[in-house]
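Down below is the structure, laid out as C-alpha cells.
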Amino acid sequence: MTSFVLKIIAMFSMFCDHFSDASIGYISILNYIGRIAFPIFAFQISEGYLHTKNLKKYIIRLMIFALISEIPFYLFVDKYLSNPGLNVMCTLLLGLVCIVIYDSFSKWKNEKLSFKFLGLELKQYIALFLVICIAFLGDLVSVDYGFWGIIVIFTFYFFRDNKLKMLFSFIILCFIKYGITIYTHGFYLQYVFLGLSTMLSSVFIGLYNGKQGLKVKYLLYLFYPVHLLALYFLC
C-alpha cells in the first residue's frame, strides 16, 4: 500500500467523520470510520520528515495551511460541534516540530550528554522532555487531538525502525486515551467502538510498503479546508 493510497483512505475517512457531524449530529458509524484518518495523517508526518528534500519548506508549508485552515475549521466546529480550538494542521505541525527537536538533539555531538541510561543518551532524554512540553503546550492551546495527537505523531517517528513496536505503541496509546475517556465519562459502547476504530488504522499503516505512489503534494493540504467549507455551506 503506497503513501498515496494511505492518503486517499485518510481523506475518505475524514470526510465521513465530518459529514456525520454536519448532517447527522450524533455519533454514527461514519464517525467510527472517521477515527481512521488522524493516525494515518500522523504517520504521514513521520514519513514526510524522513523523505522530504527540503525540511524548511515542509515546515513552512504546514504553517501556511494551518493558518489557511483555521477559519474553515472554526466555522465548521462552531456550527456543528462546540469549543473551537486549533485545527489538525496545527497538531501535525507541532508533531513535526517534536520530531525535528528530537532528531537534532540525537545528532548533537556533546560528550557530557552522551552517556547512556536504559538504551538512551542523556541528550535524548532532554529531547523527550521537550517533546512532552510541546505536547502539553498543544493541549493548552487546544489543538485538535491535543496532547495525545502530538505524542502519536512522535511515537510513529520514534519507533520508525521497528514497525511492530511502532504499531504496538500506538495501540497502547489508544487504550490509554479511550481508557481515560471511559473513566472520566463512564462506560459507553460508543467509546469502545471509537477506540477500536482508531486502532483499525494500524492495519492500513502496517500494509504500507514504503513507496510514494502517485505524487499529489498539495491534495491533502487543499482537501482539508475545502471540504470543511463545503460542508459548512451545503449542510
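The values are calculated or read from the model by the stated rules, or taken from the named source; none is laboratory data. Not measured: the values here are computed from a predicted model. All Cβ positions, even for glycine, are placed from backbone atoms using ideal geometry, and neighbour counts span all protein chains on display.
Cβ-Cβ distances below 6 Å connect the following pairs, each with a first residue in the stretch 161-183 that is within 19 Å of Ala37 (Cα to Cα), a second residue that is modelled with pLDDT of 95 or more and outside any helix (DSSP H, G or I), and a separation of six or more residues or different chains: Met166/Phe159; Ser169/Phe159.
Per-residue answers, yes or no, for (1) touching a helix residue (DSSP H, G or I) at 6+ places or on another chain (Cβ under 6 Å); (2) touching a residue at least 40 places away in the same chain (Cβ under 8 Å):
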position: Ile29; (1), (2): no, no
position: Ala42; (1), (2): yes, yes
position: Ile45; (1), (2): yes, yes
position: Glu70; (1), (2): no, no
position: Asn83; (1), (2): no, yes
position: Leu96; (1), (2): yes, yes
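Among the residues making up the stretch 59-77, those that are of a type in the set (Phe, Trp, Tyr) and either buried (at least 18 other Cβ atoms within 10 Å of the Cβ) or under 16 Å from the mean Cα position of the chain (by Cα) (or both) are Phe65, Phe73, Phe76. Number of residues in the stretch 191-235 that are closer than 22 Å to Glu47 by Cβ and among the β-branched types (Val, Ile, Thr): the value is 4.
Quickly run through the stretch 192-235 and pick out the residues that are in contact with a Ser or Thr (Cβ under 8 Å, 6 or more places away or on another chain), of a type outside the set (Lys, Arg) and at pLDDT below 95. Once the filter is applied, which keeps residues that are in contact with a Ser or Thr (Cβ under 8 Å, 6 or more places away or on another chain), of a type outside the set (Lys, Arg) and at pLDDT below 95, the stretch 192-235 yields Asn209, Gln212, Gly213, Leu214, Cys235. Can you confirm whether the stretch 167-190 contains a residue that is under 13 Å from Ile45 (Cβ atoms) and in contact with a helix residue (DSSP H, G or I) (Cβ under 9 Å, 6 or more places away or on another chain)? For the stretch 167-190, residues under 13 Å from Ile45 (Cβ atoms) and in contact with a helix residue (DSSP H, G or I) (Cβ under 9 Å, 6 or more places away or on another chain): absent.
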